[in-house]
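Asker: Sharing a structure with you now.
What follows is calculated from the coordinates using simple rules that are stated; it is not laboratory data. This structure is a prediction, so every number in the text was calculated from the model and none was measured. Every residue, glycine among them, receives a Cβ derived from its backbone with ideal geometry; neighbour counts consider all protein chains shown.
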Amino acid sequence: MKMVYYVFEPKKILRAGLIVVLLLAGCWLSLKFYLMREQPQVNVEVDVKQTENTHLVNDVKKQEFFVDCRLTRDRIRSQQMEVLREIAANTASSNETRDQAQQGLMRLTERSTLEAELEKLVMALGFKDAVVLLQDTAANVIIQQDSLTESEKDQVRELVLRVTDLQADDVFITSKP
């Protein structure tokens, strides 16, 4: 068996490397000039009305307010429920304190259910969106609409009174465009 030895000379390696670099640079420049050459212009007509786009953007912004209200309400409600759960589960608390915490949890759960129900009922009246914020002694209803007539406010107030134990003076209705 014959053994073949290759002897590499540094000058030849350097020359070969330089040739490879020059070839790559030439390819790169060719590609760059090819991509930079002037392409024929293509006219594309789009039949979209700018006002429709503006309305879509505005509708999204309006929806963000109502979504943000619900998220904030739910975050605060979750924090309140977590505190009440800790109190109810704490064996060091008195029985009376734990009972009060459990009752508070039940009230918060009931309040959440009523808020969701009222929001759906208000939207069933024909409004785009609504957020209901219930407290022990008051209800705030924010309706997505530029303005509300007294008749519309009375419809919403009657709905809230039917579902809750509140008085008419305790229901506050606001429109939000």
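Asker: Calculate the FRET efficiency for residue 102 and residue 163 from the Cβ-Cβ distance with a Förster distance of 30 Å, rounded to the nearest 0.05.
Answerer: The pair residue 102/residue 163 has a calculated efficiency of 0.80.
Asker: Mind computing the radius of gyration and Dmax over the alpha-carbon atoms of the stretch 56-176? Å is fine for both.
Answerer: 16.8, 55
Asker: Now for a different question. Let me know the charge dipole size of the stretch 56-176 about its Cα centre in debye, to the nearest 20, where only the beta-carbon of Lys, Arg (+1) and Asp, Glu (-1) is charged.
Answerer: For the stretch 56-176, the charge dipole is close to 340 debye.
Asker: Something else now. Net charge near residue 117: determine it from the other residues with C-beta under 12 Å of the C-beta of residue 117, scoring Lys and Arg +1 and Asp and Glu -1.
Answerer: Neighbour charge sum, excluding residue 117 itself: 0.
Asker: Now for a different question. Test of the criteria: in the stretch 108-169, which trypsin sites (Lys or Arg not before Pro) are in a DSSP loop and have at most 13 other Cβ atoms within 10 angstrom of their Cβ?
Answerer: 128
Asker: OK, next. Put +1 on the Cβ of each Lys and Arg and -1 on the Cβ of each Asp and Glu in the stretch 76-177; which of 88, 140, 159 then has its Cα farthest toward the positive end of the dipole?
Answerer: Of the listed residues, the answer is 88.
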